[in-house]
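Participant: What follows is a structure written as structure tokens; I'll ask about it next.
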């Protein structure tokens, strides 16, 4: 009986799949089916274009398809909702950006906790923001727009992706600093926003770099950018600081999963996405939209996210939009 037991154990050991030392079974099996990447923006937005090429390139490296799943609306917070409700098995990932923090901080009953409900995997890039008008607009400079807003409060209109978007929060901040009043018009997505400006429904747009092709084609005029330095594509356009306003806006973002993910799976996703980030196909899309490479590894990204949450708390307090939780 002892010999029979020993033989059974040996046969079972030989039949089990071999796993390299230090590699968990979860890592050895992952991925074995399609991975979903939740993009909280409509198709056509600059972040959507970037994340789609990231999904394609990452999928190649992981050996499984990574399929983009657009879930626009709710100020770009639906990726956070999707991650909160998903299993932590590595098959649901999503973009987490500064608006994800703000949506939770502005809600009396948040749908998720950005510091405790996600696994931060990799920081990728950020957005270059600015204010644009139509080329036939009478506003040739940022100062022209400000002067018109001062002369006729609330007459001028500007569009963004929503009340809680970073673009609108910055515009509210700018109006407070400059002593002007403009009327905000929220839009659901990039194509609607840009068509609103092209159709003269609004006077200006505050948005990330999706307007670059329209500026290059001569349909829009870029008045000012919000980053730390001028854009190489438009070297004559000043930053807010150069226009006399002590304000710099960067919106870093990355990819997360649900909380409680296996560390080996996190490492595998991180490595594939890091490699995809620096692939020439990905960098070409980033160059098109003037997106910076802001890579952070898993540990650094988690630390940065906690620091960003405090920044958003301070920003919302300043404009009176922080919920009393």
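The values are calculated or read from the model by the stated rules, or taken from the named source; none is laboratory data. Predicted model only: the values in this text are computed from it and were never measured. Please note: Cβ atoms are built from the backbone with ideal geometry, for glycine as well, and neighbour counts cover all protein chains shown.
Participant: Which residue out of 289, 301 is modelled with pLDDT of 95 or more and assigned by TED's automatic domain parsing to the domain that holds residue 106?
Facilitator: Result: 301 is the single residue among 289, 301 that is modelled with pLDDT of 95 or more and assigned by TED's automatic domain parsing to the domain that holds residue 106.
Participant: Shifting gears a bit: Is it the case that some residue within region 254-273 is under 30 Å from residue 131 (Cβ atoms), touching a strand residue (DSSP E or B) at 6+ places or on another chain (Cβ under 7 Å), touching a residue at least 40 places away in the same chain (Cβ under 8 Å) and outside any strand (DSSP E or B)?
Facilitator: No: region 254-273 contains no residue that is under 30 Å from residue 131 (Cβ atoms), touching a strand residue (DSSP E or B) at 6+ places or on another chain (Cβ under 7 Å), touching a residue at least 40 places away in the same chain (Cβ under 8 Å) and outside any strand (DSSP E or B).
Participant: Here is a further query. Please tell me if residue 37 is modelled with pLDDT of 95 or more, in contact with a strand residue (DSSP E or B) (Cβ under 9 Å, 6 or more places away or on another chain) and in a helix (DSSP H, G or I).
Facilitator: Spelling it out, it is not the case that residue 37 is modelled with pLDDT of 95 or more, in contact with a strand residue (DSSP E or B) (Cβ under 9 Å, 6 or more places away or on another chain) and in a helix (DSSP H, G or I).
Participant: Identify all residues within region 51-77 that are in a helix (DSSP H, G or I) and at pLDDT 95 or above; write none if there are none.
Facilitator: Initial filter on region 51-77 (in a helix (DSSP H, G or I)): 51-62, 74-76.
Once the filter is applied, which keeps residues that are in a helix (DSSP H, G or I) and at pLDDT 95 or above, region 51-77 yields 51, 52, 53, 54, 55, 56, 57, 58, 59, 60, 61, 62.
Participant: Next question. Please state which one of 96, 180 is free of Cβ contacts under 8 Å to residues at least 60 places away in the same chain and buried (at least 18 other Cβ atoms within 10 Å of the Cβ). It would help to see each step written out before you state the result.
Facilitator: Numbers: 96 fails: free of Cβ contacts under 8 Å to residues at least 60 places away in the same chain.
Selected residue: 180, the only one of 96, 180 that is free of Cβ contacts under 8 Å to residues at least 60 places away in the same chain and buried (at least 18 other Cβ atoms within 10 Å of the Cβ).
Participant: So, one more: Please pick out the residue among 286, 261 that is surrounded by 16 or more Cβ atoms within 10 Å (Cβ to Cβ) and under 30 Å from residue 87 (Cβ atoms). Please lay out each step first, then the result.
Facilitator: Numbers: 286 fails: under 30 Å from residue 87 (Cβ atoms).
From the options 286, 261, the qualifying one is 261.
Participant: Might you check whether a residue that is modelled with pLDDT under 90, outside the structural domain of residue 257 (by TED's automatic domain parsing) and either surrounded by fewer than 22 Cβ atoms within 10 Å (Cβ to Cβ) or under 30 Å from residue 255 (Cα atoms) (or both) occurs anywhere in region 142-161?
Facilitator: yes
Participant: Among the candidates 21, 43, single out the residue that is at pLDDT below 90, in the same structural domain as residue 261 (by TED's automatic domain parsing) and surrounded by fewer than 23 Cβ atoms within 10 Å (Cβ to Cβ). Reasoning before the result, please.
Facilitator: Working: 21 fails: in the same structural domain as residue 261 (by TED's automatic domain parsing).
43 is the lone residue from the list that is at pLDDT below 90, in the same structural domain as residue 261 (by TED's automatic domain parsing) and surrounded by fewer than 23 Cβ atoms within 10 Å (Cβ to Cβ).
Participant: Still on this model: Which condition breaks for residue 300 when tested against (1) in a helix (DSSP H, G or I); (2) surrounded by fewer than 16 Cβ atoms within 10 Å (Cβ to Cβ); (3) touching a residue at least 60 places away in the same chain (Cβ under 8 Å); (4) more than 19 Å from the chain's Cα centre (by Cα)?
Facilitator: Every listed condition holds for residue 300 apart from (4).
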